[in-house]
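Bear in mind that the values in this text are calculations on the coordinates, not laboratory data. Small disclaimer: the values here were computed from a predicted structure and weren't measured. Heads up, the Cβs are rebuilt from the backbone with ideal geometry, glycines too, and the neighbour counts pull from every protein chain shown.
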2 protein chains.
Amino acid sequence: MPKISQKGIKMPASPIRKLTPYADKAKKEGKKIYHLNIGQPDIETPEGMLHALKNADFKIWAYTSSEGTASYRNKLAEYYNRLNYNVLPTDILVTNGGSEAITITMQACLNPGEEIIVPEPFYANYNGFACSADVVIKPIMSHIENGFALPSIAEFEKVITEKTKAIAICNPNNPTGYLYSREELEALREICLKYDLYLFSDEAYREFCYDGRDFISPMHLEGLEEHVVVWDTVSKRYSACGARIGCIITKNKVLYQTALKFAQARLSPSLEGQIAGEAAVDTPASYFETVSREYTERRDTLVEGLNKIEGVFCPNPGGAFYVVARLPIDNADVFCQWMLEKFSHDNQTVMMAPATGFYSTPGAGINEVRLAYVLNQDDLKKALICLEKGLAAYPGRTS
Amino acid sequence: MPKISQKGIKMPASPIRKLTPYADKAKKEGKKIYHLNIGQPDIETPEGMLHALKNADFKIWAYTSSEGTASYRNKLAEYYNRLNYNVLPTDILVTNGGSEAITITMQACLNPGEEIIVPEPFYANYNGFACSADVVIKPIMSHIENGFALPSIAEFEKVITEKTKAIAICNPNNPTGYLYSREELEALREICLKYDLYLFSDEAYREFCYDGRDFISPMHLEGLEEHVVVWDTVSKRYSACGARIGCIITKNKVLYQTALKFAQARLSPSLEGQIAGEAAVDTPASYFETVSREYTERRDTLVEGLNKIEGVFCPNPGGAFYVVARLPIDNADVFCQWMLEKFSHDNQTVMMAPATGFYSTPGAGINEVRLAYVLNQDDLKKALICLEKGLAAYPGRTS
């Protein structure tokens, strides 16, 4: 039998999926599970987007151009220019989901062994993409005590070497929900200019900013035109994760042409996804107002509820739909499995993502979990009761 | 400005697209172009597939499982078992088009620098995927004189080294249209078992076999269960290139689990593409009968027409919808550009793909072109007239 590759052995399995067999077993036993573990929103996709999909008018389901249809890129440019990104359609490369935006960027920008600095905790799949592209993620620690704010310039400089090629941020952040300030982005600008680094900005959660706070992108910063690559997706903005439509935005022409070669090899993004994505740009503001109100209320319920539980600490983040909370437990991996396997309250339990999967420093996040507030208020409240009861009963409780 | 990667520099641009600027210019000048250069069929997508897309019943456009929905994989297993592949749904991993099936397989199976033997000419994007996965394509020559039959076992053995990890075939072949026989597949079986190699079988054109000939897959061969990986796609079978739905089939469980880790990182294939793909499996036999009749007639028209032109030689292939023809010219790259730039007949011309892009041996295919018979009979005949007139007028004509 031929061997698989070293990369195949090294490739990390999705940490979130480790618990799936226990969840399946719990379901079989008739337990109701509140899923706070995943980023699949329960919010409906905008009607206009689904309407466009269902009324797509083609007889031949054909390839589009590799960079995406002109029509969709024109529309996207309109959308980004409403946000003052000041881009042309030719700065936009449509991808198979945000995932492909990341893999193409990594391959086009970094040589094997070169490094991307990422504040941890970070989106776990960056590890998979980095392994796939044979590049290295250099984590620098952000801390729950200050809500996972950007580490200081000094912290970045400690890990910058000749191999450093880029800094990547996810803003608002998955898993912490942290929304970076203009000052923090200006700090990143300084570092990227000083050390000539790319700045990758994962903006999947751009629309999810709360309490009237502004979203600031590296696209808003001057002098970084050749450095910035934005990774975007329709997944979270329009609750359309299954459409697999994302994009790369960069004003760096050399990089764009390089990324395009990778895009040409895989031919094109999906036709119907682009048709729906184009319609999605016209989603009325009222949709986002409703969604934002809903998420703000959920966040408030969740964060307030968590902090009321003895021994629990949870910062109140400014964006996305996640929080990372510190629990009075010995080991989040063990606890999350225990909640599924051994615990129930009124035949209900909660599924959470152990935060260890979002850190690459061994042992970090051992007593933290990520919770996605993708459930309605009622279910969130019931989930909080389950969690409180679970923590009270858990044998590995630490305080 | 940060540098792009070495891989980005090395990554080949799509050879087919080199001519696009000349085609665009010709169109602007008002010339009608017969596009024989691309594999985008003009055949309509089956109604049932489009109907399923347009009636997809979901309010939340959600992720599916990374390996594809159970429902679609069950249906695919039914389809493959009608072809006697003897597979389970758990042997099937749904991908973003056939392209992703190839990239995931290469990454999961080969270490950097390891080699895949591929008979040339071959599908040009294999070069891009190989560059992306940092693996090496080792070409062995097939010849127009015998219709591009499989090279002998001795030819394979000449290039097998310690670095050889796999053999890849495309069957029926893009670009040659050649349909491999049972004897040829048995020969591949012997080599793969003797040297413990993977056998990658690109079956994008499986349904396009003519003259009553049987399609034989490595899935039909005994004792190769751990060696075979099939790459498939709905693109050509259902004229649904823009759906970006493909799959990997392998009975090798270790490989499947490894490929699944790569699939988990990119989350999931598109939901709506899988819904449509599932419906496509029920496409009535009459659809394929009509398509097959149409393609057979086109092939006959094209091959007969080509061989009637003085100095032209074109084998009559058993499958796919391509032929590679030898022309009485000095340089196919120059000729194909000249046809767009300098030539017209009744204000019409033909766009073809120079075969050089399908060979990796320098200089090979210099007087060959690939022609896709994706036009109706009338247009094909007009294209043949253009080609004949063009060859007569071309300054680089050799005989």
**OP:** Please give the net charge around B:Gln264, taking every other residue with its beta carbon less than 12 angstrom from that of B:Gln264, where Lys and Arg add +1 and Asp and Glu add -1.
**Re:** +3
Original post:
Between A:Asp24 and A:Asp330, how many nm apart are label points set 7 Å from Cα along the C-beta direction?
Top reply: 2.9
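For chain A, what relative contact order do you get, as a whole percent, if you take Cα pairs closer than 8 Å and at least 6 residues apart? Before the final figure, lay out each step's value.
On the way: 774 pairs, mean separation 98.3, N = 399.
For chain A, the relative contact order is 25 percent.
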**OP:** For the stretch A:59-280, calculate the relative contact order in percent as a whole number, restricting contacts to Cα pairs under 8 Å that are 6 or more residues apart.
**Re:** 29
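How shielded is B:117-128 by partner chains, expressed as the average number of their Cβ atoms within 10 Å of its Cβ atoms? Intermediate results must be reported in sequence, preceding the final value.
On the way: counts 0, 0, 0, 0, 0, 0, 0, 2, 4, 1, 1, 6.
Counting other chains' Cβ atoms within 10 Å and averaging over B:117-128 gives 1.
Could you list A:Met1, B:Met351, A:Met339 so that the one with the fewest beta carbons within 10 Å of its beta carbon is first and the one with the most is last?
Values: A:Met1 11, B:Met351 22, A:Met339 27.
Exposure proxy ranking, most exposed first: A:Met1, B:Met351, A:Met339.
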Original post:
Along its principal axes, what span do the Cα atoms of the stretch B:59-280 show, with the longest given first and each in whole Å?
Top reply: 57, 42, 30
Subject >> Charge dipole (debye, nearest 20) of the stretch A:59-280; +1 at Cβ of Lys and Arg, -1 at Cβ of Asp and Glu >> reply: 740
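Would the stretch B:16-153 count as rounded, prolate or oblate if I go by the C-alpha gyration tensor, calling it rounded below 1.5 in a/c and otherwise prolate when a/b exceeds b/c, oblate otherwise?
Working: a/c = 1.76, a/b = 1.15, b/c = 1.54.
Note, shape of the stretch B:16-153 comes out oblate.
Treating only the Cβ atoms of Lys and Arg (+1) and Asp and Glu (-1) as charged, compute the dipole magnitude of the protein assembly as shown about its Cα centre; round to the nearest 20 debye. Don't jump to the answer; show the numbers that get you there.
Details: 84 positive and 98 negative charges, 57 e Å.
For the protein assembly as shown, the charge dipole is close to 280 debye.
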Original post:
If R0 is 25 Å, what FRET efficiency do you get for A:Asn74 and A:Glu47 from their C-beta distance, rounded to 0.05?
Top reply: 0.65
**OP:** Can you tell me the dipole magnitude for the stretch A:44-176 around its Cα centre, using point charges on the Cβ only (Lys, Arg +1; Asp, Glu -1), in Debye to the nearest 20?
**Re:** 300
Original post:
How big is D for chain A, in µm² s⁻¹ as a whole number, if Stokes-Einstein is applied with the Kirkwood radius of its Cα pairs at 37 °C and 0.692 mPa s?
Top reply: 150
Original post:
Sequence-distant or interchain residues sharing an amide H contact under 5 Å with A:Gln348, placed H: which?
Top reply: A:Lys32
Original post:
If one takes the longest principal axis of the Cα atoms in chain A, at what angle in degrees, from 0 to 90 and to the nearest 10, does the Cα axis of helix A:97-109 lie?
Top reply: 60
Original post:
Roughly what % antiparallel, to the nearest 5, for the DSSP beta bridges in the stretch B:59-280?
Top reply: 30
**OP:** Using label points projected 7 Å from each Cα along Cα→Cβ, tell me how many nm separate A:Glu310 and A:Phe288, to one decimal.
**Re:** 4.4
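Counting other beta carbons within 10 Å of each residue's own, what order do A:Val135, B:Val350, A:Val334, B:Val369 fall into, fewest first?
In order of increasing Cβ crowding within 10 Å: A:Val334, A:Val135, B:Val350, B:Val369.
Write out the GluC sites (Glu not before Pro) in the stretch B:110-210 meeting two conditions: DSSP loop, and at most 10 other Cβ atoms within 10 Å of their Cβ. All intermediate terms of the calculation are to be shown ahead of the outcome.
Numbers: sites: B:Glu114, B:Glu115, B:Glu145, B:Glu155, B:Glu157, B:Glu162, B:Glu183, B:Glu184, B:Glu186, B:Glu190, B:Glu203, B:Glu207; in loops: B:Glu114, B:Glu162, B:Glu203, B:Glu207.
Answer in residue order: B:Glu162.
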Original post:
Of all GluC sites (Glu not before Pro) in the stretch A:228-337, which ones are in loop regions per DSSP and have a Cβ with at most 12 other Cβ atoms within 10 Å?
Top reply: A:Glu310
Original post:
Can you give the Rg and Dmax of the protein assembly as shown based on its C-alpha atoms, in angstrom?
Top reply: 27.3, 91
Original post:
At a Förster distance of 25 Å, what's the computed FRET efficiency of B:Ile385 paired with B:Lys342, Cβ-Cβ distance as r, to 0.05?
Top reply: 0.90
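Can you work out the FRET efficiency for the pair B:Lys32 and A:Met141, with r the C-beta to C-beta distance and R0 = 45 Å, to the nearest 0.05? Can you show the working numbers first?
On the way: r = 63 Å, r/R0 = 1.41.
That pair, B:Lys32 with A:Met141, gives E of 0.10.
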Original post:
Out of B:Ala23, B:Ala56, B:Ala279, any idea which swings most in a Gaussian network model of chain B, alpha carbons joined below 10 Å?
Top reply: B:Ala56
Original post:
Under 19 Å from a point 7 Å along the Cα-to-Cβ line of B:Gln377: which residues of the stretch B:34-56 have their amide N that close?
Top reply: B:42-44
Subject >> Sorted by Cβ density within 10 Å, fewest first, the residues A:Thr176, B:Thr361, B:Thr64, B:Thr45 >> reply: B:Thr361, B:Thr64, B:Thr45, A:Thr176
Subject >> Debye intensity ratio I(q)/I(0), log10, the stretch A:232-317, q values 0.12, 0.17, 0.23 Å⁻¹ (C-alpha model) >> reply: -0.61, -0.86, -1.12
